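The values are calculated or read from the model by the stated rules, or taken from the named source; none is laboratory data. Fair warning: this is a prediction, and the values are worked out from it, not measured in the lab. FYI the Cβ positions are ideal-geometry reconstructions off the backbone, even for glycines, and counts take in every protein chain you see.
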Amino acid sequence: MSEEFGARVRLFAAIEGGSVFWGDQVRVNGPLAVVDRLLAGGYHGEKNSAAKIADRLRGTSVDAALAHIAAADSYFIAPTDADWPSGLNDLAAPPLGLIAKGARENLEKLGESIAIVGTRNPTSYGVRVAGELAAGIVDREWSVVSGGAYGIDAAAHNGAIVAEGVTIAVLACGTHVKYPAANEKLFEEIEETGLLLSEVMPSVPAMPSRFLIRNRLIAALSRGTVVVEAAYRSGSLRTARDAAEIFRPVMAIPGLITSPTSEGCHRLVAERCAELVSSVSEIFAQVTLL
């Protein structure tokens, strides 16, 4: 293990994901130089969080961090690894690393993947459509990415699993937490045939801000994002806009004009942020335009 790799692991454990500032510092100066400067107090005049991060670094050894990851049957992926998902590099704030749980070879499936996202309170129509789309996508030997939440996310993961394909859940908590708890069996099934991915250490709990930070990863890991059902104001719309910002196709499934759960999808189409699609073939037509 190189000193640079060890420094990156320590920074990953100490810094909350989604920071453009710290991402730039690591990219430009390298993780070892950033650790040294933090511990020397070199950032205290520039960044209010630097002192807290330095304290966390002093309390975190590389061996302890890696042991904690291994104890959760997980492993650390760095941007320098050959199987790092290259789509993440398009983000303004790429992750310093990722924690993964599941067969490592499934990382290769992220090169040909489509995200399916939507409301946690779907209609039966939304559940059926999400599952059928996911099954159709994996039938073409692509993978399905979603966020492991209730509702549309779970329906998409289940659709891929039933069709014996690969699905990847990007969590807003650690890989050892299993949030939401009612999806624990689903997470176990995803571990067996796909991957759980996280930008935080394995025992870190979910919190509201981490869902928004997580959404950008779903967008960047996928070749395109499909919103099945979403309210007028929804975290799924954030994922869609994150995808649009890095020039990934955004697609929306139409619903009844009287359905509140489809208002977000119709809003994306009306604002020309998304293409309206109604089938797997139409989804692939958008994605293969790239």
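Could you please find all residues in region 181-200 being touching a Gly at 6+ places or on another chain (Cβ under 9 Å) and surrounded by fewer than 17 Cβ atoms within 10 Å (Cβ to Cβ)?
If the condition is that a residue be touching a Gly at 6+ places or on another chain (Cβ under 9 Å) and surrounded by fewer than 17 Cβ atoms within 10 Å (Cβ to Cβ), then Glu192, Thr193 are the ones that fit.
Filter region 210-261 down to the residues that are of a type in the set (S, T, N, Q) and in contact (Cβ under 8 Å) with a residue 40 or more places away in the chain and list them by number.
Selection gives Asn215, Ser222, Thr225, Ser234, Ser236, Thr239, Ser259, Thr261.
Report whether or not Ala103 is over 16 Å from the mean Cα position of the chain (by Cα) and under 30 Å from Thr258 (Cβ atoms).
Judged against the criteria, Ala103 is not a match.
Might you let me know whether region 76-86 holds any residue that is closer than 22 Å to Met207 by Cβ and exposed (fewer than 13 other Cβ atoms within 10 Å of the Cβ)?
no
Can you list the helices (runs of 4 or more DSSP H) found entirely within region 14-84 that contain at least 2 residues being in contact (Cβ under 8 Å) with a residue 40 or more places away in the chain?
Passing ranges, in order: 20-29, 50-58, 62-71.
Tally up the residues in region 242-278 that are over 15 Å from Tyr125 (Cβ atoms), surrounded by fewer than 19 Cβ atoms within 10 Å (Cβ to Cβ) and not aliphatic (A, V, I, L, M), please.
The qualifying residues number 6.
Which ones in region 1-13 are assigned to a helix (DSSP H, G or I), out of contact with any Leu (no Cβ under 6 Å at 6 or more places or on another chain) and farther than 23 Å from Asn215 by Cα?
Phe5, Gly6, listed by residue number.
Does Ser203 count as hydroxyl-bearing (Ser, Thr, Tyr), under 25 Å from Asn106 (Cβ atoms) and buried (at least 24 other Cβ atoms within 10 Å of the Cβ)?
no
Does any residue of region 241-257 turn out to be under 13 Å from the mean Cα position of the chain (by Cα) and assigned to a helix (DSSP H, G or I)?
Yes; the residues of region 241-257 include at least one that is under 13 Å from the mean Cα position of the chain (by Cα) and assigned to a helix (DSSP H, G or I).
Take the residues of region 1-33 that are among the β-branched types (Val, Ile, Thr) and under 25 Å from Ser203 (Cα atoms): which is surrounded by the fewest Cβ atoms within 10 Å (Cβ to Cβ)?
Of everything passing the filter in region 1-33, Val20 is surrounded by the fewest Cβ atoms within 10 Å (Cβ to Cβ).
Is at least one residue of region 71-80 over 27 Å from Ala219 (Cα atoms) and either among the hydrophobic types (A, V, I, L, M, F, W, C) or out of contact with any Pro (no Cβ under 8 Å at 6 or more places or on another chain) (or both)?
Looking for residues that are over 27 Å from Ala219 (Cα atoms) and either among the hydrophobic types (A, V, I, L, M, F, W, C) or out of contact with any Pro (no Cβ under 8 Å at 6 or more places or on another chain) (or both), one finds at least one in region 71-80, hence yes.
Residue check: is Ala82 closer than 17 Å to Val277 by Cβ and of a type in the set (A, V, I, L, M, F, W, C)?
Answer is no for this residue.
Quick grid of which residues meet (1) modelled with pLDDT of 95 or more; (2) within 23 Å of Gly97 (Cα to Cα); (3) assigned by TED's automatic domain parsing to the domain that holds Gly235:
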{"residue": "Ser124", "(1), (2), (3)": "yes, no, yes"}
{"residue": "Val127", "(1), (2), (3)": "yes, no, yes"}
{"residue": "Ile152", "(1), (2), (3)": "yes, no, yes"}
{"residue": "Val162", "(1), (2), (3)": "yes, no, yes"}
{"residue": "Lys178", "(1), (2), (3)": "no, yes, yes"}
{"residue": "Phe187", "(1), (2), (3)": "yes, yes, yes"}
{"residue": "Ile190", "(1), (2), (3)": "yes, yes, yes"}
{"residue": "Leu197", "(1), (2), (3)": "yes, yes, yes"}
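This table checks each residue for (1) of a type in the set (Gly, Ala, Ser); (2) part of a loop (DSSP other than H, G, I, E, B).
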{"site": "Lys101", "(1), (2)": "no, no"}
{"site": "Glu105", "(1), (2)": "no, no"}
{"site": "Lys109", "(1), (2)": "no, no"}
{"site": "Gly131", "(1), (2)": "yes, no"}
{"site": "Ala134", "(1), (2)": "yes, no"}
{"site": "Glu141", "(1), (2)": "no, yes"}
{"site": "Val144", "(1), (2)": "no, no"}
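Could you count how many residues in region 97-112 are in contact (Cβ under 8 Å) with a residue 24 or more places away in the chain and out of contact with any Gly (no Cβ under 9 Å at 6 or more places or on another chain)?
Within region 97-112, residues that are in contact (Cβ under 8 Å) with a residue 24 or more places away in the chain and out of contact with any Gly (no Cβ under 9 Å at 6 or more places or on another chain) number 8.
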